[in-house]
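Input: a single structure, listed below in structure tokens.
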Amino acid sequence: MTKSILAAGAILSLLATAGLAEERTGQQEYMIACAGCHGETGKGDGPAAASMTTKPYDLTKLTSEKGGGTFPFEYALWIVDGRDMIKFHGGDMPVWGDRYMVSARASEAESETPESRELVVRGRILSLVYYLGSIQE
């Protein structure tokens with residue numbers, strides 16, 4: 001019985017640590033990929049915003065303005081990835097799916113396959129989108 005309780009505690013602590021690591025990874029992705037335009041808090045006030053033709057979107061309002069009260073997870077995935085859509089935002093919004101793929105190819109090991117690179121790209125995008133969900137007002 002004691003071993004079962006200890007094992008359950010160890011599993012729960014690993015899951016909690018994984019959840020925290022995922023959030024940090026999403027926040028790190030955000031700070032690298034998005035904060036320059038959207039600002040550190042996601043309000044659309046990053047250092048590059050003033051020089052852009054289209055003002056960056058306030059990412060803290062996705063739930064209220066795009067999701068009708070629910071975080072629009074699939075919409076956010078689609079926008080961030082950008083590979084399966086027609087260009088918009090006046091061309092200012094980067095296609096992060098392509099950029100992440102270039103990064104995955106540059107760091108590829110000999111054993112990596114195109115499928116595993118795609119999983120890395122999708123994982124980075126998912127981390128970022130989960131973080132976006134966490135900063136909603």
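The values are calculated or read from the model by the stated rules, or taken from the named source; none is laboratory data. Note that this is a predicted model, so its numbers are computed, not measured. Neighbour counts are summed over all protein chains in view; Cβ atoms, including those assigned to glycine, are modelled from backbone coordinates with ideal geometry.
Taking the criterion of being modelled with pLDDT of 90 or more, part of a helix (DSSP H, G or I) and surrounded by 17 or more Cβ atoms within 10 Å (Cβ to Cβ), would at least one residue in the stretch 10-25 satisfy it?
Restricting attention to the stretch 10-25, the residues satisfying the condition of being modelled with pLDDT of 90 or more are none.
No; the residues of the stretch 10-25 include none that is modelled with pLDDT of 90 or more, part of a helix (DSSP H, G or I) and surrounded by 17 or more Cβ atoms within 10 Å (Cβ to Cβ).
Filter the helices (runs of 4 or more DSSP H) completely within the stretch 66-137 down to those with at least 3 residues that are at pLDDT below 90 and either at negative phi or in contact with a Lys or Arg (Cβ under 7 Å, 6 or more places away or on another chain) (or both). Explain how you work it out, then say what you get.
Details: elements: 73-81, 96-106, 114-134.
Once the helices (runs of 4 or more DSSP H) in the stretch 66-137 are filtered for at least 3 residues that are at pLDDT below 90 and either at negative phi or in contact with a Lys or Arg (Cβ under 7 Å, 6 or more places away or on another chain) (or both), what remains is 96-106, 114-134.
Conditions tested, residue by residue: (1) among the hydrophobic types (A, V, I, L, M, F, W, C); (2) closer than 19 Å to S127 by Cα; (3) free of Cβ contacts under 8 Å to residues at least 40 places away in the same chain.
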| position | (1), (2), (3) |
| --- | --- |
| A33 | yes, yes, no |
| P72 | no, yes, yes |
| Y75 | no, yes, yes |
| D81 | no, yes, no |
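Kindly provide the set of residues from the stretch 39-88 that are among the aromatic types (F, W, Y) and either surrounded by 15 or more Cβ atoms within 10 Å (Cβ to Cβ) or under 14 Å from the mean Cα position of the chain (by Cα) (or both), ordered by number. Steps first, please.
Going through the stretch 39-88, the residues among the aromatic types (F, W, Y) turn out to be 57, 71, 73, 75, 78, 88.
Listed by number, the residues that qualify are Y57, F71, F73, Y75, W78.
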